[in-house]
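Reviewing the structure listed below.
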Amino acid sequence: MKVAFVCDTGTGLSPAQLETYGVYGAPLQITFDEKTYLENVEINVDEVYAEMMKGKMIKTSLANMEETESLFTHLKNEGYEMIFAVPICSGLSGTINMMRLTAETVGLKFDYYDCHCTAILEHYLCVRAKRLY
């Protein structure tokens, strides 16, 4: 079975950076001034910190459903039959459920590991799962 390994930009890495590890990335969302940005695609951590230093109220949200559906559709078209995800933990985000529903909609099997963390540990666990597979 061809399995795609997916995490999100809660790792601190962009989708392009994640692909260098053979892992696919779904960008989380960051909102301020009534505009929403894809994390590590349209805005990076330094830019977010700069806005926070200006006193802006920053909001975060789960991965963008349209972006994730586009990614999963691409993966299905590439012959993947299953997604194994290590997204940002369920205690902080609804990303796991959104990915599950999106995989179901696209017609891919889905499994995940709720890592109870974010950032570099999320990335490490996803890469390790890929190696073990």
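Per-structure values
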{"quantity": "Length added when fully stretched, Tyr124-Thr31, from 0.36 nm per residue minus Cα-Cα", "calculated": "30.8 nm"}
{"quantity": "Ranked packing of 103-114, 77-88, 4-15, 49-60, most packed first, by mean Cβ within 10 Å", "calculated": "4-15, 77-88, 103-114, 49-60"}
{"quantity": "Share of carbon and sulfur in the accessible heavy-atom surface of the chain [1.4 Å probe, %]", "calculated": "52"}
{"quantity": "Mean Cα-pair separation over length for the range 38-133, i.e. relative contact order, pairs under 8 Å, 6 or more apart, %", "calculated": "27"}
{"quantity": "Whole-Å semi-axes of the range 53-133's equivalent ellipsoid (Cα gyration tensor)", "calculated": "24, 17, 11"}
{"quantity": "Per residue solvent-accessible surface (Å²) - the range 50-133, probe of 1.4 Å", "calculated": "61"}
{"quantity": "Extension gain from Tyr49 to Glu78, taking 0.36 nm per residue of separation minus the Cα-Cα distance", "calculated": "6.7 nm"}
{"quantity": "In the chain, lysine pairs with alpha-carbon atoms under 17 angstrom apart (chain gap of 8 or more, or interchain)", "calculated": "8"}
{"quantity": "Helix-derived mean residue ellipticity, 222 nm - over the chain, DSSP H n ≥ 4, -39500 (n - 2.57), to 500", "calculated": "-11500 deg cm²/dmol"}
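The values are calculated or read from the model by the stated rules, or taken from the named source; none is laboratory data. Because the structure is a prediction, the values reported are computed rather than measured. Note that each Cβ is placed from the backbone with ideal geometry, even for glycine, and that neighbours are counted across all protein chains shown. Each accessible area value is taken on the protein alone, full model and side chains, heavy atoms only, with ligands, DNA and RNA left out. Shrake-Rupley method; radii C 1.70, N 1.55, O 1.52, S 1.80 Å.
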